[in-house]
1. Just name one of VAL205, HIS108, PHE35: the one whose Cα is farthest towards the positive end of the charge dipole of the chain (beta-carbon charges, Lys/Arg +1, Asp/Glu -1).
2. So, R0 is 22 Å and r is the distance between the beta-carbons of GLU186 and ARG218; what FRET efficiency does that work out to, to 0.05?
3. Obtain the nm distance between the two label points defined at VAL20 and ALA204 by a simple spin-label model: each point lies 7 Å from its Cα along the Cα-to-C-beta direction.
4. Which percent of the accessible heavy-atom area of the chain goes to carbon and sulfur, probe 1.4 angstrom?
5. Quick query: amide H of ALA79 versus all other amide H atoms, modeled in the peptide plane; which residues come in under 5 Å with a sequence gap of 5 or more or a different chain?
6. For Cα pairs less than 8 Å apart in space and 6+ apart in sequence, what is the mean separation divided by the residue count of the chain, i.e. the relative contact order in percent?
7. Would you work out if the chain is rounded, prolate or oblate? Take a ≥ b ≥ c from the square roots of the eigenvalues of the alpha-carbon gyration tensor; rounded if a/c is under 1.5, else prolate when a/b is larger than b/c, oblate otherwise.
8. Calculate one ³J(HN,Hα) per residue across region 98-103 by plugging θ = phi - 60° into the Karplus curve 6.51 cos²θ - 1.76 cosθ + 1.60, and present them in order as whole Hz with x for glycine and proline.
Amino acid sequence: MPHQSMNVSGVEVTPLCDAVGPMGPAIRRPLAELFPGSGLQDEPWVLHFHCYLLRDAAGRLTLVDTGIGGVDSPASSWAPVPGTLADELAAVGVAPADIGTVVLTHLHSDHASGAVVDGAPAFENARYVLQRAELDAAQDATLDAFVTPIKGQLHVVEGQAEVSPGVHVHFAPGHTPGHQIVRVGEVAMTGDLVLHPSQLDDPAVRYAYDDDQEAAVRTRAEVLGGLRAERAILATAHFSDPFLRL
Ligand SMILES: [Zn+2]
Ligand SMILES: [Zn+2]
């Protein structure tokens, strides 16, 4: 079921809960290894997988991230269960064709797989927003799975951009080369800028699956510092509570 939505600057922000569960055995590691320096004990880590639906006052719909995808998804080798994004959208009365803009924070398989269904764009009327650096770094399997099927609808941006009225993307590299976050009013949808709450207490806590660990720490510290100064609301991909005010 979708989590409770909130209204911010005239935009309704609805967290869609694509899946809940632990990482599969293929990539599961103890928390102390996944987050070196965190001091976390080895306890089960149950992730939520959130996408966010934005509905502005004019009825325009933007989707931030597309989740795990179906049973044959590239994420199926490690994700806990298939994603339920289509059901989550239906639960709030939205059909895929209604979506005008899709923002992919990055091209990891638990954020991008739902962008494509049966080798075709899942959102036939949407522009798909991706950072230039993410596109440039994409390798063969990623290109085949996520980029080639949507290439006719790609909207490539560099750095900061307004992708729909009131909806902005900001470049936040490190987790991947072209990772981006999304802002609407005081809400920041942070993708994989933070994976675990321990990184809010200490942004220097690394994550084993960040592509560039040093850049990720720098970006996390800088972006979280700015968000904390404005007491922004984080909308995270993987925490159990989708919204969290800093
Ligand atoms: Zn959830
Ligand atoms: Zn990721």
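1. Of the options given, the answer is VAL205.
2. Numbers: r = 24 Å, r/R0 = 1.08.
Calculated transfer efficiency: 0.40.
3. It works out to 3.5 nm between the two label points.
4. Working: 5220 of 10260 Å².
Whole-percent figure for carbon plus sulfur exposure: 51.
5. Residues meeting the criterion, in which the H sits 1.01 Å from N, are GLY24.
6. Working: 556 pairs, mean separation 42.4, N = 246.
With pairs under 8 Å counted, the relative contact order is 17 percent.
7. On the way: a/c = 1.37, a/b = 1.18, b/c = 1.15.
In terms of gyration-tensor shape, rounded.
8. Values, residue by residue: 7, 6, x, 9, 10, 9 Hz.
The values are calculated or read from the model by the stated rules, or taken from the named source; none is laboratory data. The structure displayed is predicted, hence computed values, not measured ones. When we count neighbours, we look across all protein chains shown, and the Cβ atoms used for this are built from the backbone with ideal geometry, even at glycine. Side chains included, ligands, DNA and RNA excluded: accessible areas come from the protein's heavy atoms. Shrake-Rupley method; radii C 1.70, N 1.55, O 1.52, S 1.80 Å.
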